[in-house]
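Below: one structure, written as structure tokens.
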Amino acid sequence: MQLRPYIKLSGILALIAGTVIIGVATFLPRLLDINAYRDEILATLQQSLNRKVSFSSGTFNWHFGPSFVFNGVTVK
């Protein structure tokens, strides 16, 4: 029975996948700068709300899934 090599291979692949997922979850919030997309976010919000919208800063977090936090949001 040649099951042992498949168990080793699946264990190694699971370890690699886990490492990649943890690495992405750790470094993605640091690499993604929400403030770089400020103009696009404001234009989309203003168009959908038909009101003037502004915010002071935004951050991307990864706690139990992706989340966006905006500070100083003003809708006129």
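The values are calculated or read from the model by the stated rules, or taken from the named source; none is laboratory data. Keep in mind it's a predicted model, so treat the numbers as computed, not measured. Heads up, the Cβs are rebuilt from the backbone with ideal geometry, glycines too, and the neighbour counts pull from every protein chain shown.
Here are some notes:
- Residue within region 9-16 that is part of a helix (DSSP H, G or I), exposed (fewer than 10 other Cβ atoms within 10 Å of the Cβ), out of contact with any strand residue (DSSP E or B) (no Cβ under 7 Å at 6 or more places or on another chain) and without any contact (Cβ under 8 Å) to a residue 40 or more places away in the chain present: no
- Among the conditions (1) at pLDDT 90 or above; (2) out of contact with any Phe, Trp or Tyr (no Cβ under 7 Å at 6 or more places or on another chain), the only one that residue 73 does not satisfy is (2).
- The set of residues from region 34-56 being part of a loop (DSSP other than H, G, I, E, B) and out of contact with any strand residue (DSSP E or B) (no Cβ under 8 Å at 6 or more places or on another chain) comprises just one member, 50.
- Residue list for region 32-76, filter: small (Gly, Ala, Ser), in contact with a Ser or Thr (Cβ under 6 Å, 6 or more places away or on another chain) and surrounded by 11 or more Cβ atoms within 10 Å (Cβ to Cβ): 54
- Single condition residue 60 does not satisfy, out of (1) assigned to a helix (DSSP H, G or I); (2) at pLDDT below 90; (3) in contact with a Phe, Trp or Tyr (Cβ under 8 Å, 6 or more places away or on another chain); (4) of a type in the set (A, V, I, L, M, F, W, C): (1)
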